[in-house]
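These notes concern the structure reproduced below.
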Amino acid sequence: MVHTYHRELHLPRRPSVIDTDDAENIIAAIVEELDIDEKQRGRLPSQAALQDLFSLEVNKGITLEAALEEKYPQFLGLLPDIKRVRVEYATFKFRNAYLDFDDLLVLLLALLRNPATAQRIRRRYNHVLVDEFQDTNHLQGQITLALVEEHKNVMVVGDDAQGIYSWRGAKIGNILEFPKRLPGCEVINLEDNYRSTQAILDTANAVLTTMRDAYSKTMRAAIGGKGEKPRLHVFLQPAVEAEYIADRLQEAIGAGESLRDFAVLYRNGAVGYPLQAELTRRKIPYVVRGGSKLTDAQHVKDALAYLRVLENPRDELAWLRMLKLLPRVGPKTARKIYRAITGGDGVAELEVAPNPLVKLADLHRNLPADTAYKDALGALAAGLFNASTQATLVETYDAILQHYQALMPDLFKNPERRLEDLGFLRTVVAGYQSAAALLDDLTLEPIEAKKEAMPPGEEWDIDPVVLSTIHSAKGLEWKHVYLLGVNDGILPGYRSLQGAGDDGTSEALEEEKRLLYVAITRAMRRLDICFSILSPLGRSSRLMHDLSRFLSADAVQATLERVEHTEEKPLTEVDILTALTGGLTE
């Protein structure tokens, strides 16, 4: 929509969508160039924190000051300077037709609030369906209602008990308050569960009954059979817990079971360190999932920068990234080259300026022969010209790789492994006709990395067990799940406990309860909940020796089989070092 109506939005040209890395680079340049006292500049949040702050402000529909109070209260004294960065960041994007994901939402809502464009947009959508509505943010909720303002033909699907993303702007109120915002709508409870046994669902249902704000529902197993009662294992310390789980996994391997059917989940990544150390010692393969994206990799961003330049020859960020790949070209030289081939920093004349791709070849020809980067610039100009003449997008990509591959030995210590990723990306490129569509999709929906983080060692000849945070496990399922770190102060997290009201509840605590529900319902056949009296995060000054208050409720306890493990194992120096380094010690 924003592409279609970019003229109505007064953008200077069809916009380019930028990712988080691009946004941070823009913010860093703005901070550097703004007339801010040197001491004050050094005290400002990092560009990553500033980008996160600006995004939170937009997604939650709150003021910049409120966003600071919520996420970075230590920087409240710098609010005037942060506001200046915010304004300059928005201005730079607008003048250069760069849009981040938040901008797409803001501008779509603006189009829906403008009568001239709203009518045309609404006519295109007679029926609207929104999935995972519990994960929508403030803006997305407004956009949904604005789209159906006239015909009211909308269906939203979601599970309020799985709303666990407020930290990135999701607003659980969108689904909880939907009947109030659309009076007369019908609420249909989907209570048949096709994943878990009834015994596991009994525990999940018991957690549901303790939720303060939720739709009333009782999950029923559609697969038949009660199944095994979930077990609550009580250990004295994490080392014993880790040994117990490793023993069970070795037994599974011996019985011919695939470790792909097993997962170990936790609220906090550090909770998994003792187990990682134990699995590494026993050479039991595992993967750690934490949401890494293929498109976050430097070499993938480099290759896409070529495509971005070919699609939009005035994409400053892409040009600067690409130019800095060349030997003897640093940030200052890259900016100097960019200004030479585009005619400066202004945007008013861009539509009539010569094509920078042509100007690059002219610049190369006119450079003195002794210019350090002359040959490299000529090779880049030739490579871009070759890529621009290809008939299909995948042939264009192949031509890009031909140039980029020649640079890789000087850029990376292990270019061969990175070439595997670029080959995987080629299969994605092959599915597109248009570079614009590819770049937009990769920016808005980054694809998962082909390889997951694995412990050091040889290639494994058996499937690995998955170790994952609960947030990264949402939407997935395994036959057998171990849930670790069910201590007060871990699940629920310590910060959520600090904000509890007189009644012992808060929005943050309710979200932590939903996080437990998500973890429980990842299990299909068996669930083992593991509690260590000596907290896995025992190095903290806030020792967390109590079982999670969510599991202490009588209704939940009645659904669990308690198993005591009384073995004591003294912690050694190796245990501590291995745990702290995540299993990287030998």
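The values are calculated or read from the model by the stated rules, or taken from the named source; none is laboratory data. Remember, predicted model here, so these are calculated numbers, not experimental data. Glycine gets a Cβ as well: all are built from the backbone with ideal geometry, and neighbour counts include every protein chain shown.
Out of the helices (runs of 4 or more DSSP H) lying entirely within the range 1-74, which hold 3 or more residues that are in the same structural domain as residue 166 (by TED's automatic domain parsing) and in contact (Cβ under 8 Å) with a residue 40 or more places away in the chain?
Where helices (runs of 4 or more DSSP H) fall fully within the range 1-74, none carries at least 3 residues being in the same structural domain as residue 166 (by TED's automatic domain parsing) and in contact (Cβ under 8 Å) with a residue 40 or more places away in the chain.
Do we have any residue at all in the range 305-327 that's farther than 30 Å from residue 14 by Cβ and among the charged types (D, E, K, R)?
No, there is no match, as no residue in the range 305-327 is farther than 30 Å from residue 14 by Cβ and among the charged types (D, E, K, R).
Any residue in the range 346-366 that is modelled with pLDDT under 55 sitting within a Cβ distance under 6 Å of a residue that is of a type in the set (Lys, Arg) and surrounded by 11 or more Cβ atoms within 10 Å (Cβ to Cβ)? List the pairs, counting only those 6 or more apart or interchain.
347/95; 350/314
Taking residue 158 as the residue in question, decide whether it is closer than 30 Å to residue 469 by Cβ and part of a helix (DSSP H, G or I).
Judged against the criteria, residue 158 is not a match.
Test residue 251 against the criterion of being among the acidic types (Asp, Glu) and touching a residue at least 60 places away in the same chain (Cβ under 8 Å), and give yes or no.
The answer is no for residue 251.
Of 110, 116, 97, 161, which residue is exposed (fewer than 13 other Cβ atoms within 10 Å of the Cβ) and touching a residue at least 40 places away in the same chain (Cβ under 8 Å)?
116
Are there helices (runs of 4 or more DSSP H) fully within the range 172-286 with at least 2 residues that are outside the structural domain of residue 135 (by TED's automatic domain parsing) and modelled with pLDDT of 90 or more? List them.
Correct list: 198-209, 238-254.
Filter the range 362-408 for residues that are aliphatic (A, V, I, L, M) and not in a helix (DSSP H, G or I) and give the result.
Correct list: 367, 369, 372, 391.
Among the residues that make up the range 171-192, is at least one of them touching a residue at least 60 places away in the same chain (Cβ under 8 Å) and crowded, with 19+ Cβ neighbours inside 10 Å?
For the range 171-192, residues touching a residue at least 60 places away in the same chain (Cβ under 8 Å) and crowded, with 19+ Cβ neighbours inside 10 Å: present.
Farther than 26 Å from residue 516 by Cα, at pLDDT below 95 and not assigned by TED's automatic domain parsing to the domain that holds residue 509: is that true of residue 169 in this structure?
no
Test residue 244 against the criterion of being crowded, with 21+ Cβ neighbours inside 10 Å and of a type in the set (Ser, Thr, Tyr), and give yes or no.
no
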